[in-house]
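Note sheet for the following structure.
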Amino acid sequence: MTDKDDVPIKKMAELLRRGATMLAQSCPQCGSPILKIQDDLYCASCDRRIVVVSSDQDAESTAVKTMLPKLRETLVRKLQSLNAIIESENDPDELTKLANLMVLLLQALHRLENINGD
Ligand SMILES: [Zn+2]
């Protein structure tokens, strides 16, 4: 059977057409991309459902969510002190480092807002 390997791909394509999404995660068994079908994770190559410890994940994301206001506060405070440092800094190298750091902090802040949004 030369086209044996096509089967999971066809199946995967079919599932994607029906609204499944492909995750960045790969199957722990075979390394194929995992598909998310509604709330189920599925590997087309192994033809089986991937069991994730969803309760742990939920607990984790809940914990993260409760931390969000504090994280945001910390980031804002860091940005404020960074701003003060940048204001008094005149060395171009230092300013570059500080500006990079500021961008990172702003990105982190932006991500936090996105997490909170859903
Ligand atoms: Zn698999």
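Bear in mind that the values in this text are calculations on the coordinates, not laboratory data. All of these numbers come straight from a predicted model, not from anything done at the bench. FYI the Cβ positions are ideal-geometry reconstructions off the backbone, even for glycines, and counts take in every protein chain you see.
Overview of values
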quantity	calculated
Crossing angle, helix 6-17 versus the chain [Cα axis fit, 0-90 degrees, rounded to tens]	60
Nearest-ten-degree value, helix 92-117 long axis tilted from longest Cα axis of the chain	50
Rounded, prolate or oblate (a/c below 1.5 giving rounded, otherwise prolate when a/b exceeds b/c) for the chain by Cα gyration tensor	prolate
The range 16-118: trypsin sites (Lys or Arg not before Pro) in DSSP loop, at most 14 other beta carbons within 10 Å	R18
Three-way shape label, the range 2-52, alpha-carbon gyration tensor, a/c 1.5	oblate
Residue of S45, S88, S26 that the Gaussian network model of the chain assigns the largest fluctuation, springs spanning Cα pairs under 10 Å	S88
Folded to 0 to 90 degrees: helix 54-88 orientation relative to the chain principal axis, Cα	30
Extension reserve of the D93-L79 stretch, reckoned as 0.36 nm per residue once the Cα distance is removed	3.2 nm
